[in-house]
Amino acid sequence: MFGYGQTLFFCCGVCQGYAILSFLIYFSVSMNEIIVSLPNIADGEDKSSILGNRIRKNYRHIRKWAKRTNTDCFRIYDREIPQYPLTIDFYDGRFCVHYFSRTREKEELPAELEVEVVQVLSKIFAINPDKVFWKTRAKHKETRQYEKEDDSREFFSVLEYGVKFRINLLDYLDTGLFLDHRETRQLVAATANGKRLLNLFAYTCSFSVQAAAAGASFTKSVDMSNTYTAWGEKNFLLNKFSLKNNPVVRADCLKFLDQEIRSGEKYDIIVIDPPTISRSKKMDQLFDVQVDYIYLISKSLKLLSPEGVIYFSTNSRKFVFDESNFAGCKIFEISSKTLPIDFHDPKIHRCWKIVKSA
């Protein structure tokens, strides 16, 4: 019997179309493990709604994978029908609906659309309307500062590959877990056993927690937000991982790198998932991933152990990666390998694996 936090790995093939049906499937085995419970949807239901039909099809497909991988948070609709500019994410019986405004400014959610979506989800999943949570996104540049929108402090936990994460669907634009990086986290976790990992722009530390579950000997997570560093610590504790071996540091990542280089610390894996643009008052200057990625990666290379690996990702659709800035490194774009089964937009993020030469 494996103890809590120990992990049994099964390596699976890479599936064409969404790259990783499960690049890595693992199950944390313990006496008190929580197994996912996913609702069934019956045949013979009303199929008059094209949105409802698509949600049923997507859910039935993803549910099989989710049951196998002990995951109860995933996307069930991804802007596939033009007249429904929405994404719908399932979080353990709750539904987070993002409405994408067609203007550059935040516009009001059309009342008829809200009513239709709630009716569709209620019929398919037999839920009350209070299980549906709405968020609106506009086309203006996201600063990804996770601005506070409410103060409900209503948290609950979900499972991703058997690992627990705290979620909040009311207080912030984002929920505490970026679902599009689920397979990226598994890719990192697959190589983390016995390794030291540094997670920059850590948000709520999901990369680090998955690495710890996979047997990383040490992780360090860095983010500038008091709210999210505290949230990240609670994610570790939720999974019974010691903060002594998994410290969470509140710091400006750009300044932190120089300090860490001076300390002599070395890491086998470094994860860099920065915002596209950041205008935080806690920073001395505007952060722009297209400008600052060279500094970030160059400094991070100095923290890598021989043959260490950097995983760099961005959600910027205009980003251009110039490999000539990093002589002596082997660089591979792995974006297609990190696209989850439930995401239909191949440009949701881009990701590179940067290997430091010995």
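The values are calculated or read from the model by the stated rules, or taken from the named source; none is laboratory data. None of these values were measured; they are calculated from a predicted model. As a convention, Cβ positions derive from the backbone with ideal geometry for all residues, glycine included, and neighbour counts pool all protein chains shown. Ligands, DNA and RNA are excluded from the accessible area calculation, which covers all protein heavy atoms including side chains. Shrake-Rupley method; radii C 1.70, N 1.55, O 1.52, S 1.80 Å.
Compute the convex hull volume of the Cα atoms of the range 220-271, divide it by the residue count, and report the result per residue in Å³ as a whole number.
On the way: hull volume 4.4 nm³, N = 52.
Taking the convex hull of the Cα positions in the range 220-271, it is 84 Å³ per residue.
Here the spin labels are modelled as points 7 Å beyond Cα on the Cα-Cβ line, and at Glu154 and Asp46 they lie 2.5 nm apart. Remark: spin-label model distance Glu80-Ser298 equals 4.5 nm, labels positioned 7 Å along the Cα→Cβ axis. Shown for the range 177-354 is the translational diffusion coefficient from the Stokes-Einstein equation, using the Kirkwood radius over Cα pairs, a temperature of 10 °C and a viscosity of 1.306 mPa s: 97 µm²/s. The order of the peptides 301-313, 238-250 by mean Cβ neighbours within 10 Å, most packed first, is 301-313, 238-250.
Rank-order 263-273, 200-210 by packing density, defined as the average count of other C-beta atoms within 10 Å over each peptide's residues, highest first. Can you show the working numbers first?
On the way: 263-273: 18.7, 200-210: 27.3.
Most protected by this proxy first, the peptides run 200-210, 263-273.
A protection proxy built from the mean count of other Cβ atoms within 10 Å ranks the segments 323-329, 252-258, most packed first, as 252-258, 323-329. Using a cut-off of 24 Å between Cα atoms, the listed pairs Lys67/Lys347; Lys47/Lys131; Lys266/Lys318; Lys64/Lys234; Lys195/Lys302; Lys299/Lys353 include Lys67/Lys347; Lys266/Lys318; Lys64/Lys234 as exceeding that distance.
From the mean inverse distance of alpha carbon pairs (Kirkwood) and the Cα radius of gyration, derive Rg over Rh for the range 109-255.
1.02
Our note on the geometry: Cα centres of the range 155-190 and the range 239-304, 20 Å apart. Relative to one another, the C-alpha centroids of the range 65-125 and the range 317-358 are positioned 28 Å apart. Counting Cα-Cα pairs of the range 44-85 in 10 Å increments starting at 0 gives whole-percent bin shares of 26, 46, 26, 1.
Carbon-plus-sulfur fraction of the accessible area of the range 258-358, 1.4 Å probe, in percent? Provide the component values of the computation, followed by the final result.
Working: 2550 of 4970 Å².
Carbon-and-sulfur percentage of accessible area, whole number: 51.
Compared with the direct C-alpha span, the chain from Leu173 to Glu265 gains 29.7 nm at full extension, assuming 0.36 nm per residue.
Once Rg and the Kirkwood radius are both taken over the C-alpha atoms of the range 35-134, their ratio Rg/Rh works out to 0.96. Fully extending the segment from Leu113 to Val291 would add 60.1 nm, taking 0.36 nm per residue of separation and subtracting the current Cα-Cα distance.
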